[in-house]
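Asks: This is the structure I have questions about; it appears just below.
The values are calculated or read from the model by the stated rules, or taken from the named source; none is laboratory data. In this text, all values refer to a predicted model and were calculated from it rather than measured experimentally. Glycine also receives a Cβ, built like all others from the backbone with ideal geometry; neighbour counts cover every protein chain displayed.
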Amino acid sequence: MSAFTMPSLGADMDEGVLREWLVGPGDPVRRGDVVAIVETDKAAIEVECFESGTVGRLLVPPGTRVPVGTPLAEIEHGREPAGPARKDTLKPGTRARPAGPEPGKESAGRAANAVDSPARPAPEPSGEAACAGAGPLVRHLAQLRGVDLTALSGTGPGGRITRADVEHAPSPRAPRVRATPYARRLARDLGIDLTAVRGTGDGGAVRGVDVRTAAQGADVRAGAQADAAARPAEFRRESEQRTPPAAPAEEHPGRRTDTMRRAIAELMSRSKREIPHYYLATTIDLTAGQTWLRRINRGRPPADRLVPAALLMKAAALAAREVPALNGYWRDEGFVPGTEINVGVAVSLRQGGLLSPVIHRADTLAPETLMAHLKDLVERARRGRLRGSETTGATLTVTNLGEQGVESVFGVIHPPQVALVGFGAVVERPWARNGMLGVCPVVTVTLAADHRATDGAVGARYLTAVDRLLQRPEEL
Amino acid sequence: MKPLTDAEAASVVKESIAQIVPDADFTGVGPDDRFRDVLELDSLDFLSLVESLSERTGIRIDEEDYPELTTLADATRFLVGRSREATGTSPA
Amino acid sequence: MTATRTRTPAPAAAAEGRTTYRDAMREAMREAMRADERVFLMGEDVGRYGGCFGVSLGLLEEFGPERIRDAPLSESAFVGAGIGAALVGMRPIVEIMTVNFSLLALDQILNNAATLLHMSGGQLEVPIVIRMTTGAGRQLAAQHSHSLEGWYAHIPGLRVLAPATVADARYMLAPALADPDPVLIFEHGSLYNVSAELPAGPGFPGIERAVVRRPGTDVSVITYGGSLPKALAAADDLAEAGISAEVVDLRSLRPLDDATLGDSVARTHRAVVVDEGWRTGSLAAEISARLTEGHFYDLDAPVERVCSAEVPIPYARALEAAALPQADTIVAAARRAVGDPAPARADTADQRPTAGRPS
């Protein structure tokens, strides 16, 4: 059994409010399923389960504010659903012939269970019943080795599972990760899969700072300050643990905006404090792009039409493929290129504030797909319905402030990313071409980039690439 | 299908906008104000608005028509005009 | 026991308002003898000679031969006599010249002082204080330079103190004398000439607790006695490299203040233990083990130890220096712990256990 914990949904998240359970005890869940809605300082986020199994007890009732890492629910890994029905019918110590899978048995009562179950008295430790065919030592050993006892047939007296049975069972565990004890503890607390964390310690060992980095995903603490920057967060967490958990939040309506303001303030201050920005701008003739858009939008119902932003976004992502030095992170005094091009989209919220949901692998998406993602993400960002995985992992951010009518935007880089691309408004301007003056739709694209990671020439190459790509919209 | 009246068209426009900007305050939007700017609709919002108007009225709105949807007055006039054309060509 | 009977010159007048470690210790004894007539000092050359390191200089004149007693050169005899005096209600301070010589009295200390309370069913208390010099760094060679306090810290029934500061030299003696059980005080020879302003009035943290001498956030450097100044110097160097080292002074080697050590490591997640004893079976080993037992899940790096090379402490100055923990070896260990290794240095190698000829 493991715990589903309050995830970290961004560098600035220390705590969150469990808003709603979307599953109840006994529900089977798979890795990636949305199981709950968590409200951060910035938004309500649909959070996914990192493991497959069966939902056990819900440990935190809706409306509760808890620190990141707090167990929210138990996830049981036995084959059978460890729902209440099973627990009620089996007494501990009963010689268990593991029941066959009974998936879905509980799902009928699911909606009702979802909310009332925290109030229910705690059932006996789960796993007791499931493993009744084995003694405590064997159960302990099985737990250590990650062996599913219900999948074993015992060779001991009366079919009991023996120590040898467990020792000879194939362990489903992934290869052991070289990690410090502190990093392991932290990973467990933050719900981070250690196998996915890049270790920077001795012999590639994963250290505390690496876990924090991973936990913060796109919002990794940047550069040399990584260690130092992680520390205040630890202190915050410690001080939170001393204070009693906050009462279920009936939030003041202005509160989220205030806290989001503070979160943005902190991140942007850090960016300006740590990142030596340089800025480049170029104005691009968008005649080809506009013509292409008009052509493909003609005859399409509004729902299927593209907006220029989709085209610009695609060009920005493709240009990052050509100039990979702008796509990635500044971390531990060095540039770490992104393995994918994940574009963070700056979305301004009507009540104020910003979110940057992420379009993963944006360079690989056709403009139509990108447009669909964009609509969906922006809409859900504003409704507060983003998923955890959509809030992290950006390797480059694009802001399209031009939507609000300004012609150029000189952005602040979102640490630890190393660049931010800004598109201004598409406007008609006098434009000289081939010695002739005409009126063209133009857009000013700007680049704010981290001078530690790249120099101006790299940035210039990037903007040139964006221009070139936009001249051939049909190839985007 | 009857052609839209001015009042009907105006309320369709406002309802569609309200669907996109739930807390839109129309008291601050004069009939000749550029509502996209006042209510800060971005291009995606605007596309949603077009989608909604089109669905609610059955009127086809092409990209070329977008400039007609700049102010509340323009938009109302546009919808009324189009609905008249439509009903004119295919009387209910 | 014939070496180094050179008379330590009378301490240079300390700067205005400052006291040397030596004077602080003397003042502590003077205060104790004035306050309690059961207190007396006994040891080799403590009277007419003023103490091998000059600690008791002038006390004979003030308190007379009854209370400042020169002992024959037999550690077993005079430590035993001290234990006997303690048993009958006196409060003896016994000075042993160096910890190497204390081995001649080990039988008395371990088999009598440390055990009598237990063996008498709680009837016999042994309120003796045994002071001795420890440590190397003064070219006194392999029979006068070892740091064996860790051996004494092994023994239940003893309290083992290591004053590393002038204030501790001044204020640890009184609570040690007040303790009804035997207390050993280890004075590192390199500290006697250290001077500092004595803090006035209260604020003395007692003899139970370790003290954070310098707060830091990246790594805990845990040390005691003569290694404290080196650890503080190392922390200065580390600070220049952007590494914030917390320096913890054990003060009490037995019992160990696990809470203070643990709290520090829970904050910094890394520890370097500096101990002038030999690495194998050292006090540093004990502390490392305790941190691992109690704070495994706080540790973000293996606990580092900086100890003396496993050789008899050499006489030659350069060799002696190379055998001992130094600020730069502490810095190197701290850098390893935080994962920020400095350019490799040859002399860090001998901090690692080596195979081959037993040393």
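Asks: If you scan the range B:1-33, which residues turn out to be of a type in the set (S, T, N, Q), in a loop (DSSP other than H, G, I, E, B) and surrounded by 15 or more Cβ atoms within 10 Å (Cβ to Cβ)?
Replies: Going through the range B:1-33, the residues of a type in the set (S, T, N, Q) turn out to be B:5, B:11, B:16, B:19, B:27.
Retained after the next criterion (residues that are in a loop (DSSP other than H, G, I, E, B)): B:5.
None - no residue of the range B:1-33 is of a type in the set (S, T, N, Q), in a loop (DSSP other than H, G, I, E, B) and surrounded by 15 or more Cβ atoms within 10 Å (Cβ to Cβ), so the list stays empty.
Asks: Here's another thing I want to ask about it. Would the range B:66-84 turn up any residue that is aliphatic (A, V, I, L, M), farther than 20 Å from A:GLN404 by Cβ and touching a Pro at 6+ places or on another chain (Cβ under 6 Å)?
Replies: Checked the range B:66-84: at least one residue is aliphatic (A, V, I, L, M), farther than 20 Å from A:GLN404 by Cβ and touching a Pro at 6+ places or on another chain (Cβ under 6 Å).
Asks: Continuing with this model, one more query. Would you pick out the residues in the range C:80-128 that are touching a helix residue (DSSP H, G or I) at 6+ places or on another chain (Cβ under 7 Å), of a type in the set (D, E, K, R) and closer than 17 Å to C:LEU41 by Cβ?
Replies: Matches in the range C:80-128: C:ARG91 only.
Asks: In addition: Select the strands (runs of 3 or more DSSP E) contained entirely in the range A:268-351, then report the ones holding at least 3 residues which are away from chain B (no Cβ under 12 Å).
Replies: Counting at least 3 such residues, we get A:277-285, A:328-331, A:334-337.
Asks: Under 6 Å between Cβ atoms, at least 6 apart or on separate chains: pull out the pairs that start in the range A:175-200 with a residue that is within 11 Å of chain C (Cβ to nearest Cβ) and in a helix (DSSP H, G or I) and end on any residue that is surrounded by fewer than 17 Cβ atoms within 10 Å (Cβ to Cβ) and of a type in the set (A, V, I, L, M, F, W, C).
Replies: If the second residue must be surrounded by fewer than 17 Cβ atoms within 10 Å (Cβ to Cβ) and of a type in the set (A, V, I, L, M, F, W, C), the pairs left are A:PRO181/C:PHE296.
Asks: Could you tell me how many of the residues in the range A:265-286 are crowded, with 16+ Cβ neighbours inside 10 Å and basic (Lys, Arg)?
Replies: Here the count works out to 1.
Asks: Can you pull out the helices (runs of 4 or more DSSP H) entirely within the range B:34-92 that have at least 3 residues that are within 19 Å of B:GLU15 (Cβ to Cβ) and modelled with pLDDT of 85 or more?
Replies: B:43-57, B:72-89
Asks: With the requirement that a residue be away from chain B (no Cβ under 14 Å), under 19 Å from the mean Cα position of the chain (by Cα) and not charged (D, E, K, R), what does the range A:358-374 give you?
Replies: Residues satisfying the conditions are A:VAL358, A:HIS360, A:ALA362.
Asks: Continuing with this model, one more query. Specify which of the listed residues (C:ALA271, C:ALA289, C:ALA316) is more than 14 Å from chain A (Cβ to nearest Cβ), over 28 Å from C:ARG138 (Cβ atoms) and small (Gly, Ala, Ser).
Replies: Of C:ALA271, C:ALA289, C:ALA316, the one residue that is more than 14 Å from chain A (Cβ to nearest Cβ), over 28 Å from C:ARG138 (Cβ atoms) and small (Gly, Ala, Ser) is C:ALA289.
Asks: Determine the pairs where a residue that is in a helix (DSSP H, G or I), located within the range C:16-29, has a partner that is aromatic (Phe, Trp, Tyr) with Cβ atoms under 6 Å apart, the partner being 6 or more residues away or on another chain.
Replies: Note: pairs meeting the criteria are C:TYR21/C:TYR192; C:ARG22/C:TYR192.
Asks: Are there any pairs, at least 6 apart or on different chains, whose C-beta atoms fall under 6 Å, with the first in the range B:42-56 and more than 7 Å from every other protein chain (Cβ to nearest Cβ) and the second surrounded by fewer than 19 Cβ atoms within 10 Å (Cβ to Cβ), and if so, which?
Replies: As it stands, the answer is B:SER52/B:GLN19, since those pairs meet every condition given.
Asks: Test each condition in (1) in contact with a strand residue (DSSP E or B) (Cβ under 7 Å, 6 or more places away or on another chain); (2) facing another protein chain (nearest Cβ under 9 Å); (3) β-branched (Val, Ile, Thr) for B:ILE61 and report the one that comes out false.
Replies: (1)
Asks: Consider the range C:253-276. How many of its residues are surrounded by fewer than 24 Cβ atoms within 10 Å (Cβ to Cβ) and assigned to a strand (DSSP E or B)?
Replies: Here the count works out to 1.
Asks: Got a sec? Which strands (runs of 3 or more DSSP E) wholly within the range A:25-128 have at least 2 residues that are at pLDDT 50 or above, under 26 Å from A:ASP376 (Cβ atoms) and of a type outside the set (Asp, Glu)?
Replies: Where strands (runs of 3 or more DSSP E) fall fully within the range A:25-128 and carry at least 2 residues being at pLDDT 50 or above, under 26 Å from A:ASP376 (Cβ atoms) and of a type outside the set (Asp, Glu), they are A:34-39, A:44-48.
Asks: Name the one entry in C:LEU177, C:LEU117, C:LEU106 that is assigned to a helix (DSSP H, G or I), modelled with pLDDT of 95 or more, touching a Lys or Arg at 6+ places or on another chain (Cβ under 7 Å) and of a type outside the set (Ser, Thr, Tyr).
Replies: Going through C:LEU177, C:LEU117, C:LEU106 in turn, just one is assigned to a helix (DSSP H, G or I), modelled with pLDDT of 95 or more, touching a Lys or Arg at 6+ places or on another chain (Cβ under 7 Å) and of a type outside the set (Ser, Thr, Tyr): C:LEU177.
Asks: Are there strands (runs of 3 or more DSSP E) fully within the range A:385-445 with at least 2 residues that are within 14 Å of chain B (Cβ to nearest Cβ)? List them.
Replies: Numbers: elements: A:396-399, A:419-423, A:427-433.
Of the strands (runs of 3 or more DSSP E) lying wholly inside the range A:385-445, those with at least 2 residues that are within 14 Å of chain B (Cβ to nearest Cβ) span A:396-399, A:427-433.
Asks: Checking the conditions here, which among C:ARG170, C:ARG209 is surrounded by fewer than 21 Cβ atoms within 10 Å (Cβ to Cβ) and either touching a residue at least 12 places away in the same chain (Cβ under 8 Å) or outside any loop (DSSP other than H, G, I, E, B) (or both)?
Replies: C:ARG209
Asks: Is it the case that some residue within the range C:190-204 is crowded, with 24+ Cβ neighbours inside 10 Å and either modelled with pLDDT of 95 or more or outside any strand (DSSP E or B) (or both)? Reasoning before the result, please.
Replies: Let us first name the residues in the range C:190-204 that are crowded, with 24+ Cβ neighbours inside 10 Å, namely C:191.
Then drop every residue that is not either modelled with pLDDT of 95 or more or outside any strand (DSSP E or B) (or both), which leaves C:191.
Yes, the conditions are met somewhere in the range C:190-204.
Asks: Also: Would you mind stating whether A:ARG452 is touching a residue at least 60 places away in the same chain (Cβ under 8 Å) and outside any loop (DSSP other than H, G, I, E, B)? Steps first, answer last, please.
Replies: Working: touching a residue at least 60 places away in the same chain (Cβ under 8 Å): yes; outside any loop (DSSP other than H, G, I, E, B): no.
It is false that A:ARG452 is touching a residue at least 60 places away in the same chain (Cβ under 8 Å) and outside any loop (DSSP other than H, G, I, E, B).
Asks: Among the residues of the range C:97-104, are any more than 24 Å from C:TRP278 (Cβ to Cβ) and touching a residue at least 24 places away in the same chain (Cβ under 8 Å)?
Replies: Quick first cut of the range C:97-104, residues more than 24 Å from C:TRP278 (Cβ to Cβ) only: none.
Checking the range C:97-104: not a single residue is more than 24 Å from C:TRP278 (Cβ to Cβ) and touching a residue at least 24 places away in the same chain (Cβ under 8 Å).
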